[in-house]
Each structure stands twice: as structure tokens, then as C-alpha cells.
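Inspection log for the structure reproduced underneath, given as C-alpha cells.
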Amino acid sequence: MRARKKVSILVLMLFMVSIVAGCGGGTDQKAAGDTIKVGINVELSGGTASYGTNARDGAILAIEQINAKGGVLGKKIEAKQKDCKSVADEAMNVSAALAGEGIVAQIGPLTSGDVAGSTPVMMDNKIPLIAPAATASNVTVDDKTKKTRDYIFRVCFIDPFQGTLMAQFAGKDLQVKTAAIYKDTSSDYAKGLAEYFKKTFEANGGTIVAEEGFVKDDRDFKATLTKIRGKNPEFIYVPGYYQEVAPLIKQARELGITAPIGGGDGWDSPDMVKVGGPEALNNTFFTNHYSSQDKDPKVVEFVKAYKEKYNKEPDAFAALGYDSVQLLAQAIKDAGAADPVKVKDALANIKDFQGITGKMSIDAQHNPVKAGVIIEFKDGAQVMKTRIEP
Amino acid sequence: MQGILKRSGKFITEVVVLVVFFLLVQYLITAGLLNQYFQINLTSLCINVILAVSLNLINGFTGQLSLGHAGFMAVGAYASVIMTQMFNMPFIAGLLGACAAAGLAGFIIGVPTLRLKGDYLAIATLAFGEIIRVVLQNIDYVGGPAGILGISKLTTWAWLLGSVVLTIVVIQNLVNSSYGRAIISVREDEIAAELMGIDTTKYKVIAFVIGALFAGLAGALYAHYFYIIKPETFNFLKSFDILVMVVLGGLGSTTGAIIAAAFVTVLTAALQSFPAIRMILYALILIIVMIYRPQGLMGNKELSLKTLGKIRGGNNGSSANK
Amino acid sequence: MLEFMQQLVNGLSLGAIYALIALGYTMVYGIIMLINFAHGDIMMVGAYVGFFSITVLGSNVVVAMLFAMIACAVLGVVIEKVAYKPLRNSTRIAALITAIGMSLLLEYLTIFLLTPQQRVFPRDVFPMHNYHLGGLVLSNKDIFVILSAIVLMIILQFIIRRTKTGKAMRAVSLDQEAAVLMGVNVDKTISITFAIGSALAAAAGVMIGIYYGTINPLMGIIPGLKAFVAAVLGGIGIIPGAMVGGFVMGILETMVSGYGNSMYRDAVAFGVLILILLIKPTGLFGKNTGEKV
């Protein structure tokens, strides 16, 4: 019986393999036809679904706007969106599927881990990937060989940049000597920011008096905040995402903590004021690419269009998703053809591209060189405190 | 005498079929006839089969609901990666290390928790799965929440098929041995088994450790194909995915687990463009199967050539063996 | 000392919410021996109903809570009839798996219908007011949460101890077959149990929305798990146990964050669970009943 079973199991496997083959991605087609296919590989389910959904929304808006103006190089852009389920192996799977469908480039995924999952497939197939919000430095540069990954680009800051920026701001502008760090330990983005903040702050003579952590989906911070209150820091650095940071700041103020609080671009969302309340957010600052309250006509246009289409306000992910597509469109135009390799070269040479998240040039590590802004919350409005040119 | 000849003949047949199958697919891969998308899904299929069959040993055959299987996968994945990436050991060492580490974890977790019954056991295994994830998230040596990046691609079709076959063979042999009968008796009626003098805890632990061991193997294969691992990958949702396969296939049928694993892999690929529906569908599958057909697809029967023979009109000679 | 008192206050409001959710778990387990995995998600549905009641219908907090409680009571009964009743004579594993499926169904249906984005409770629906007692900060929200929880628990105790329904519930949880023989309508009693448990969870959900400001489709998972640990800690199936367990968990979690390492806060809940299960699975108030053949 054992023997029979094994053979039959093998027959079964053969059967299964052929099913998988049957359902496998379509034939390998190159970008023929009258549309330019752009893959959108983002997290639409799973833990980071809210980030991916917003980025996708921003990207789709950009595509629609571009198509309304006649497309790129006379052809309309066709978006192919797929869900990578917030898992790296699925990101790889989706990229392979998209590659088989003949995309010119891929937008996303959002998290650094998922981008890493896609990377081998993109490199093998020689198709460029633009990451809207992946901030780990090793996304575009291989840690071991120190070489830049040819086909991977991003439009957002890298971790070292924001952390360092805020540390310098706190030390020089706010002139604080002691700081506490209360970071999101379930996010490599937040950990990266915290690491560089600490390095720079201490290098400039400051002292970190406390280092605490919360995790994604936490809503109750009072216990740890009480502990931090006891250490009396002059500044508190809270790198993380707005879902957790907003209630955190609110609770901090409720507990009587009046020190200035700082963070990164993960704070950027209208929910910050909605949840935290204008008074609580006074005396808080964050580093960002841009401000959604910016009077710059391009930004105003974007916010208006986004609100009209989706009936909600855009957050940083939406803006970055939008810019990723716009950057790609620019690169295709520069390249003169919807050919992935040529587009890759064009992307590497982008100079002074005006996106809504700032004016950027792509550097040798495929990171955007763009100005950072420090934004202060004043009575519920985002006010630009300083702009730091690269 | 004739029986032995017949049996060794059958053994040789199946080995030959295996080798031919392996070579066939290997040829397709090397000749580039199988595109990348197909290869990725084939890899996922093999890994899912190993996971489903190993979980089935614990949930199906032993009747102990374990909800933390992804935790063992994580232990295996991380152990193998540490060995091959940080200590530059060969892949086989990584695989063996993964099995050992996962098996050990299974033992450490199993001994205290397997004294618990039913629901309590389920919750305890869920808790342990989460503890493993949280602990990994806080260990900077393995990258914390960012995990480990740039893992060399060492998993090949040979390793995959070999591991799948090994898993099936070991588990089937275990089930058909006296150990297996003890394990099944624990599932059927634990109190009666104890009265018959069977050390139920011992057998539960054995099943648990072996199940964990193969989950670790799957984890190692996964890590060395998909380039990056992080704690988030091995969360409860992953354990849940494997549970769906086992429940759908039939708690107590290895063939069922294999078929269901394949089905779920294919379904996942097909639903890439419909994210929300996928999870709703899985949840519905679980509920509907449990209410209307709790024995899943295969119940606790296995597919045998005899059944196939009946379908094809009985032209496959049958022998005395079942 | 001040810090300790502050942490205690923090722990009590957190604990009150856990206690309300834990009660639902314990009541359902007491009566049909099922860990209702979907309970945390019923709390989430309650939060959403409350949210829409406030934003769309413009109701105040109390009305919103009532709405949520009624809606979830109905939901709880429906889930019981559709998914758990058919499995009353099946194995425990089958019922558990179905409960897991139900939990995920609720979560992903909500995501599908309402997007995964968080929703923000309007701040002016419950204007904040802080009371300072010599350095200690107590907000009116803390008081509201703790008081409402206590009031609801008292009502529950009244129902269980002084009404016929309560008697029926106690009878069914002691011995279902004997209860049938005594003329108790078991189906109705089970439905009522689910209704009450779900209503309490809904109240907790609305409170979370008011207290923390935001709700999202996956908000039920972690509090649900912690409330379950609370129920087990107190002795699953024992109602006063759930209340005590809830407060203990809240205070414990707060103390660990406050005095230990905040990064392991969630792990503490799991650790507590493992410890109880290994040392005294019947919980603080539980009695040891061996399984009979």
C-alpha cells in the first residue's frame, strides 16, 4: 500500500504541476500594442494594506491625469495592479507575473522588505522598479558589494537623512540637550530613523535619556509616557506612522508633557490633527518631503483632484505614489521609447524633476536628492519651519 | 518469494517514475521553457505541500490543534540563514540545522503545552507562534523587523522535490507504523488510549516535533529562494493559510493535504488581482467545510492506485496488499 | 509614588475595557465550551456601528453605545445560529476552526466594504476635561470608561443572579442535559448568552473609539487576545473571574510598560497566558474538574 500510495502521490503531483502550468502567467510578451503597461505591485491586503492602498490611489490618479492629456509618447498608460499581500515572496511572485505581461516598469511595493522580494525578478528581467516609500538604504544599494542595484529606484528619503535632519534641528534650532526616543519597534523605517537620530544627537553633544518602543496597532501609550515623563527630556523623538503617533501625542499632552516632539514623514496625514487635536499638536515638528498645506499650485491641484476622486484627503503615501508615476512618465519621455532598459537609463539621469513631493535629482545610489522640510504644527495647520536644501 | 519480488519490483517502478519526473521538470527549467512565474509558483507549491503535510500530522492524525506552525517555519528559516549567510556553511548544513532547530523548538514548546487539552492547546500554540515572532523582531543580530536581506538562492528543483518526497515518505511511514497507530488512538479517544497504557504525552510530543521539524525544512527552503525573510512573514496569517490547506484537504489525509496545498497555491495566484476576496474566500471555505463537510475533501482516506484503477475500469492489476 | 498612582489609573481604564470584552468570552465558554475567536471582531463591529451612529446619525455617545450594543447582540445571535449551532455535537476542533474562520470573515468583510483605513472618532463628541489631583492626571474619559464598565458589570451580575434567564444560563453551563430535562429552553438561553456577551463587547468597542480616537478593521485582534487571556486568568467560565482578570491584565500590562521594557509589552500577555496554562489552567477562581469518561 505504501508503494502504491507513493506512485499515486507522484501522479497527483504531476497533475498539480500541470494545473499550475495552465494557470501560470501568460506568454512572455514584450511591450507591443498601443498601450504602455505599468505594473503596480503594492500591499493591498495584510498588515500594511493601508499604506499600499493609498499609494495605489495616488498612482492611479496620476495615470488617469496623464492619459487625459494624451498619454506618454502618444500612447496611453495601462495600469496593471496586483496585491503582494504585505509578504516578500508574494511580491516576487507578482513581479514575475507582471514581467510576463510585458510591463515597462513597476511601481511599488511600499515596504523595504517587499521591495527586496521583488528585486531579484526585476534585475533578472531588466525592468526598472520605482519604490514610492521604501526607506532602508540597502534597498538601492547592495550591502555586501556596495554597488548600486541597476534597476531599483526610489522617490523618497532614505532613513539616515530624516533621522540626522531632526537631530540637527533639535540640537541647533531648538537647542535641547536631552532627548527621549519612543519609536515603533515593529517598523524597520522607524528603527532606522531612530538609529540615525541617536547617532547625530549624541555626536553633537546631546544625551539620550530614555529609549522606549511601541508596536503597530498600539493605541495605549500612557504607561510608557508616564515613565518618560519621569525622566524629564527636553525633546521626544517619535519616529513612526500617524496611526500610532497621533494618539501618542494626545496622551502625552494629557499627561502634562509639554516638551517639543519630533518625527518623520510617516506623520504626514490629516488624521494627525483629527485624532490629536490642534492644541496637543502644538510644538511638534516632523521632517517631510513637502507639505500638503503647501501653497504651491501643483500641490494644491493634487490635493483637490485626489479629494474629488476618492472623497478623502491624501497622505504622504498617496503623494509618493503619484510622484512615482510622474517620474516614470518623465523618464519614458526622456528615453524616447517604452523600452525598460532605456527607461532605466533615463531614470538614472533624471535631473531637477519637479514632483509634488519636491524637486528631485536621482543620484548615483538611485536615491532622490531633494530638499527636506521641517514642518511645525500650529493650531492644527502644517507650517513650514525650515527648508533644508541637499 | 513471489511477494517479495513483486514488492521490490513496485519499489523500483516508483523510484524510476520519480527520477523521470524530476528529470523532466529539471529539463524544462534548464531549457528555459518554464517561465519565472511558473517556477516561483512551483516552488511555493512544494513548500506549501511540505507545510500542509507536516501540519496534518499534528492536527489531522494526532488531533491536536496547533495554530503556531508558522513559528516553526520561522525558526527553520532563520537558523538556516544564519548558518549559510553568516557562517558560510553549505546548503545541506543549513537544511539540517533548520530541521534540528525547528525540531528542538517543537520539543521545548511541545512538552509543556501538550499536557493541555483541545482549546487551551490551540491558544497556547498560537501564543507561542506570536512569541517567536515578537522575539525575532527584537533581536538585532537577525535584523529585527527588517529581517535578513540578500539570501543566496540555493533552493533548486532538486532540493524541493527531494524534500517533498522525503516529507511524504517519512510521515506516511510514521503513520503506518506502531507509532502511527498510537498517535491515531490519541486522536480518536485520548482517555481510552491512556487506559490502554499508551503514554499519550510522549506520542503527542513525537508527532509535534516531527511536524515542527518539517516546517523548519520548509522555512529553510523558503528563505533560500525568496531572498528575504522577516518576522512579519511568519505571523498568524501564515499559520492560518496552512490551516486552511489542512482543513480543506481533510484532517487525517496526507493526499488530501497535498491536493489542498496545490489548490490553495493556484487559487492564491489566480486571485492576485482580487486581494480582499481572497481572504473572505478562505474564511468562508473554513466555515463551510467545517459545517457541511468536516472531513474535508479526502476525509481520512488516501488516494491509492486501486481507486484510480476502479475509475479507469480496473485495468491496474491489484494484489493482496491494500 | 506619584508615578505609581498614575500608572495605576492608566491600568484601571485599560483593564475596564479588557474586562468588558473578557466577560463575553467567559460567558460563551461557560455555556457551550467554545472559545469564540470572533469575539474581538464583534467588538470591532460595535465600534464601527457607534462610529457611523455618531457621524451619520449625529447621535450622542450614549445613544451610539446603545445602538452598537443592540446591533452586536443581533450579530452575535446570528453568528451563533449560523455557524456554531450546527457544530454543537462536533469535535471541539471543528468548532474552534469555524470560530477562527468567522473571525477572519468579519475582519475581511469589513475591509472589503469599508476599506482598511482607520476612521477617526470626532473629537467633539466627548470633549475632554482633565482633573488634576495633586499631580495625578485623571481625564473624564477615564472616569467614563471605568464607571460605565462597573455599571454594566453590576447589571450583568443582577441578570445572572436575580433573573430567571440568569438561572437558566447558570443551569445550562453546569449541565446542559440536565437543564433540558428541567424544562430550560437551551437554544434560547444560548442565544441570550451570545447576545449579552456581544453587547458588552460592543460597549467596549465604542469606548475604545472614544478613548483612543481611532478604529480600524483589525482593531479587535490584539485586545481580543488580551481579553481572552484575562478571562483565562480569572478562570474561564467564571464571570467575576473575567472582571478581576480584565483589571489585572490592564494593570499588569501598564506596570510592565512603565517599569520594565515597553518593547515586550505584547509578549507579556502571551507569557502570562502560557504561565497560567502551565501552572493553574483553571485560573484564579477556577475549580479543578477532571474530565469524566
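The values are calculated or read from the model by the stated rules, or taken from the named source; none is laboratory data. Keep in mind it's a predicted model, so treat the numbers as computed, not measured. Every residue, glycine as well, gets a Cβ built from its backbone with ideal geometry; the counts of neighbours run over all protein chains shown.
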* Pairs under 7 Å by beta carbon, first residue surrounded by fewer than 17 Cβ atoms within 10 Å (Cβ to Cβ) in region C:120-141, partner among the charged types (D, E, K, R), six or more apart or different chains? -> C:MET128/C:LYS141; C:ASN130/A:GLU254
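Quick one: which helices (runs of 4 or more DSSP H) lie wholly within region A:253-324 and hold at least 1 residues that are aromatic (Phe, Trp, Tyr) and buried (at least 19 other Cβ atoms within 10 Å of the Cβ)? Please lay out each step first, then the result.
On the way: elements: A:271-276, A:278-281, A:297-310.
The helices (runs of 4 or more DSSP H) meeting that bar are A:297-310.
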* Structure fact -> Every listed condition ((1) crowded, with 20+ Cβ neighbours inside 10 Å; (2) assigned to a helix (DSSP H, G or I)) holds for C:GLY237 save (2)
* What pairs come up if the first residue lies in region B:111-136 and is within 9 Å of chain C (Cβ to nearest Cβ) and closer than 19 Å to C:ALA38 by Cβ, the second is part of a helix (DSSP H, G or I) and among the basic types (Lys, Arg), and their beta carbons are under 9 Å apart, counting only those six or more places apart or on different chains? -> B:GLY118/C:ARG92; B:ASP119/C:ARG92; B:ALA122/C:ARG92
* Of all the residues that make up region C:84-132, how many are under 22 Å from C:ALA64 (Cβ atoms) and of a type in the set (Ser, Thr, Tyr)? -> 2
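From the list A:VAL38, A:VAL7, which one is under 29 Å from B:LEU160 (Cα atoms) and either at pLDDT 65 or above or aliphatic (A, V, I, L, M) (or both)? Write out each step before concluding.
Working: A:VAL38 fails: under 29 Å from B:LEU160 (Cα atoms).
Result: A:VAL7 is the single residue among A:VAL38, A:VAL7 that is under 29 Å from B:LEU160 (Cα atoms) and either at pLDDT 65 or above or aliphatic (A, V, I, L, M) (or both).
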* For region A:170-183, does any single residue satisfy the condition of being closer than 30 Å to A:GLY39 by Cα, free of Cβ contacts under 8 Å to residues at least 60 places away in the same chain and away from every other protein chain (no Cβ under 13 Å)? -> no
* To do: From (1) in a helix (DSSP H, G or I); (2) within 22 Å of A:SER95 (Cα to Cα); (3) more than 9 Å from chain C (Cβ to nearest Cβ), pick out the condition that doesn't hold for B:ILE258.
  => (2)
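Identify the residue in region B:137-156 that is within 11 Å of chain A (Cβ to nearest Cβ) and assigned to a helix (DSSP H, G or I) and, among all such residues, is nearest to C:LEU96 (Cα to Cα). Reasoning before the result, please.
Taking region B:137-156 and keeping what is within 11 Å of chain A (Cβ to nearest Cβ), we get B:137-138, B:140, B:143-153.
Those still in the list that are assigned to a helix (DSSP H, G or I) too: B:137, B:140, B:144-146.
Values: B:GLN137: 28, B:ASP140: 36, B:GLY144: 32, B:PRO145: 31, B:ALA146: 33 Å.
Within region B:137-156, the match that is nearest to C:LEU96 (Cα to Cα) is B:GLN137.
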* **Subset of region C:257-272 (residues that are within 8 Å of chain A (Cβ to nearest Cβ) and either over 13 Å from B:VAL134 (Cβ atoms) or modelled with pLDDT of 85 or more (or both))** => C:SER257, C:GLY258, C:TYR259
* Asked: What tally of residues in region B:234-252 results from selecting those that are within 12 Å of the chain's Cα centre (by Cα) and either within 8 Å of chain A (Cβ to nearest Cβ) or over 19 Å from C:LEU105 (Cβ atoms) (or both)?
  -> 0
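Out of A:ALA190, A:ALA194, which single residue is on the phi < 0 side of the Ramachandran plot, touching a residue at least 60 places away in the same chain (Cβ under 8 Å) and small (Gly, Ala, Ser)?
Values: A:ALA194 fails: touching a residue at least 60 places away in the same chain (Cβ under 8 Å).
Checking each option against the conditions leaves just A:ALA190.
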* Asked: Considering region C:75-112 alone, what residues qualify as being within 21 Å of the chain's Cα centre (by Cα), within 7 Å of chain B (Cβ to nearest Cβ) and among the aromatic types (Phe, Trp, Tyr)?
  -> C:TYR108
* Please list, ordered by first then second residue, the pairs with beta carbon atoms under 6 Å, 6 or more apart or interchain, first in region A:45-68 and closer than 17 Å to C:LEU113 by Cα, second basic (Lys, Arg). => A:SER45/A:LYS85; A:GLY46/A:LYS85
* Asked: Which number in (1) touching a residue at least 24 places away in the same chain (Cβ under 8 Å); (2) touching a helix residue (DSSP H, G or I) at 6+ places or on another chain (Cβ under 6 Å); (3) not charged (D, E, K, R) marks the one condition that C:ILE100 misses?
  -> (2)
* Scan region A:195-215 for residues that are within 14 Å of chain B (Cβ to nearest Cβ) and among the acidic types (Asp, Glu) and jot them down. => A:GLU195, A:GLU211, A:GLU212
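Among the candidates B:THR233, B:THR167, which residue alone is part of a helix (DSSP H, G or I), surrounded by 20 or more Cβ atoms within 10 Å (Cβ to Cβ) and in contact with a helix residue (DSSP H, G or I) (Cβ under 6 Å, 6 or more places away or on another chain)?
Details: B:THR233 fails: in contact with a helix residue (DSSP H, G or I) (Cβ under 6 Å, 6 or more places away or on another chain).
So the residue among B:THR233, B:THR167 that is part of a helix (DSSP H, G or I), surrounded by 20 or more Cβ atoms within 10 Å (Cβ to Cβ) and in contact with a helix residue (DSSP H, G or I) (Cβ under 6 Å, 6 or more places away or on another chain) is B:THR167.
Those residues that are hydrophobic (A, V, I, L, M, F, W, C) and either modelled with pLDDT of 95 or more or in a helix (DSSP H, G or I) (or both), I need them from region C:33-54; list them, please.
Step one: of region C:33-54, the residues hydrophobic (A, V, I, L, M, F, W, C) are C:33-35, C:37-38, C:42-45, C:47, C:49, C:51-52, C:54.
Listed by number, the residues that qualify are C:ILE42, C:MET43, C:MET44, C:VAL45, C:ALA47, C:VAL49, C:PHE51, C:PHE52, C:ILE54.
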* Of all residues in region A:185-194 being facing chain B (nearest Cβ under 9 Å) and over 14 Å from the mean Cα position of the chain (by Cα), the one that is modelled with the lowest pLDDT -> A:SER186
* Asked: If you take the residues in region B:190-216 that are in a loop (DSSP other than H, G, I, E, B) and touching a helix residue (DSSP H, G or I) at 6+ places or on another chain (Cβ under 9 Å), which one is surrounded by the most Cβ atoms within 10 Å (Cβ to Cβ)?
  -> B:ILE198
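Only one of B:ALA70, B:ALA77, B:ALA52 is in contact with a strand residue (DSSP E or B) (Cβ under 8 Å, 6 or more places away or on another chain), crowded, with 24+ Cβ neighbours inside 10 Å and within 14 Å of chain A (Cβ to nearest Cβ). Can you tell me which? So that I can check it myself, show each step before the final result.
On the way: B:ALA70 fails: in contact with a strand residue (DSSP E or B) (Cβ under 8 Å, 6 or more places away or on another chain); B:ALA52 fails: in contact with a strand residue (DSSP E or B) (Cβ under 8 Å, 6 or more places away or on another chain).
Criteria check complete, one pass: B:ALA77.
Which ones in region A:216-238 are within 14 Å of chain B (Cβ to nearest Cβ) and under 20 Å from A:LEU255 (Cβ atoms)? Spell out how you get there, then give the answer.
Step one: of region A:216-238, the residues within 14 Å of chain B (Cβ to nearest Cβ) are A:216-218.
The one that is within 14 Å of chain B (Cβ to nearest Cβ) and under 20 Å from A:LEU255 (Cβ atoms): A:ASP218.
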* Which of the residues that make up region A:346-367 are touching an Asp or Glu at 6+ places or on another chain (Cβ under 9 Å) and not in a loop (DSSP other than H, G, I, E, B)? -> A:ALA346, A:LEU347, A:ALA348, A:PHE353, A:GLY355, A:GLY358, A:LYS359, A:MET360, A:SER361
